[in-house]
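Below is one structure; the comments refer to it alone.
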Amino acid sequence: MQIKSFLTILLCFFGLISLAQPKNNTKPFIVVLDAGHGGKDPGKITTFGYNEKDIALDIVLRVGKQLENIDDVEVIYTRKKDVFLELRQRAAIANKADADLFISIHCNAHNPQAYGAETFVLGLHRNESNFRVAQQENEVIFMEDDYEQNYEGFDPSSPESFIGLTLLQEDYLDQSILLARTIQNNFAQKLKRRDRGVKQAGFWVLHNTYMPSVLVETGFITNKNEGDYLNSKRGKEEISKSIIDAVLDYKSSLNPEISTENLSVENSENTAQIIFKVQIAASSNKVAPKSYNFKGLSPISRTKLASVYRYFYGETTDYNKAIEFKNEAIGVGYTSAFVVAYKNNTRISLKEALKTILN
Ligand SMILES: [Zn+2]
């Protein structure tokens, strides 16, 4: 074996070790688990005898139990029992906890033929069927006292009512989509469930959270087969496992616990091609990349992918410097800022970038 490749393997090995070591001086990764509906609000009910509120709670408790066992993860539940909660209370619990993730669990209902899982992030619905799902999940507002005052004229049955809803979550859109896609991939690849995709619609509960947030429609309880599955112990266990795995994947992709000492191994020609930036926002709004639009941070750059603009702070070949940029961005209020990497102007995963530097 050549010495150079031996050294490479050695460095990768130390890289992996540091990946596996949790930091104990940092704030825990807080996940808020929201079991849809509850109490006087059963959610969807079917002639087969399945209750959305019960299945959602069962899945949430399973997800929470596993996540609680992980050292640097803290789990907060919006409900652990069969009780009624207003939509705005759910979002308030997540905001008060300053959570890193908000995951709302539900079951879908439609005609008996419809089946499959879909995960939503907040956005304007692109079609009637997305609107219908959001409308069903928002209608609980009508069960609340004083909903006219509390929801400032928001009307779940009016598509126009959603137009004003999109802004607050836009900073987190990228991360929400990342988590949603990972959940859906797990459902499709590991469980062979039908993947109905990652979708956008105006869910009130997602609109009011200040962190990456998704709403999982685990499947249709109006479909006999899928209802049987979701109501079974095996089904709930498998669905929970897919969600847990996705949360952990998401978590490690955002916070690679790589000790910065390893990265001071400066050198090879490869290093020059890797550029680190800090993503501070993602939005469908096009804003000039000027420091006055971004709390004084400079330089700001912008890219467009599909209909989403991404905004970045800083640009450096030095990962340590990128971490400093990230902390600076967090310091001025971009609390979900994270480091991204480019190789020859193409975005690559941070893991890949760091590996290249080590090589
Ligand atoms: Zn629901």
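No value in this document is a laboratory result; all are computed from the given coordinates. Note that the structure is a prediction, hence the values are computed from the model and not measured. All Cβ positions, glycine included, derive from the backbone under ideal geometry; neighbour counts span all protein chains shown.
Brief remarks follow.
- Under the convention that each Lys and Arg Cβ holds +1 and each Asp and Glu Cβ holds -1, the size of the dipole of region 29-253 around its Cα centre is about 1020 debye.
- From phi via Karplus (6.51, -1.76, 1.60), per-residue ³J(HN,Hα) for region 96-109 in Hz, x at Gly/Pro: 5, 6, 6, 5, 8, 8, 10, 10, 9, 10, 9, 10, 8, 8
- Look at the Cα gyration tensor of region 29-253: its axes a ≥ b ≥ c give a/c under 1.5, and that counts as rounded.
- 30 Å Cα-Cα threshold exceeded, pairs from 40/224; 40/96; 190/326; 53/304; 53/96: 190/326; 53/304
- Take every Cα pair under 8 Å whose residues are at least 6 apart in sequence, average their separation, divide by the length of region 29-253, and the relative contact order is 31 percent.
- Given 241/355; 251/295; 65/355; 27/192, the pairs whose alpha carbons are separated by over 31 Å: 65/355; 27/192
- Separation between Cα centres of region 332-348 and region 57-129, rounded to whole Å: 27
- Under 5 Å from the amide H of residue 37 lies no amide H of any residue 5 or more positions distant or on a separate chain, with H modelled from the backbone and absent for Pro and chain starts.
- Region 49-64 - phi-based ³J(HN,Hα) in whole Hz, Karplus 6.51/-1.76/1.60, Gly and Pro as x: x, 8, 10, 4, 4, 6, 5, 4, 5, 4, 5, 4, 5, 5, 4, x
- Spin-label model distance (nm) - residue 185 vs residue 45, 7 Å beyond Cα toward Cβ: 4.0
- Under 5 Å from the amide H of residue 340 lie the amide H atoms of 277, 278, 279, each residue being 5 or more positions distant or on a separate chain, with H modelled from the backbone and absent for Pro and chain starts.
- Long-range HN-HN contacts of residue 199 with modeled amide H, under 5 Å: 119, 120, 121
- In terms of the mean number of neighbouring beta-carbon atoms within 10 Å, the peptides 201-212, 106-117 order highest first as 201-212, 106-117.
- For the peptides 233-243, 52-62, the ranking by mean Cβ contacts within 10 Å, running from highest to lowest, is 52-62, 233-243.
- For region 243-251, Karplus couplings with θ = phi - 60° (6.51, -1.76, 1.60), whole Hz, Gly/Pro x: 5, 4, 4, 5, 4, 5, 4, 4, 4
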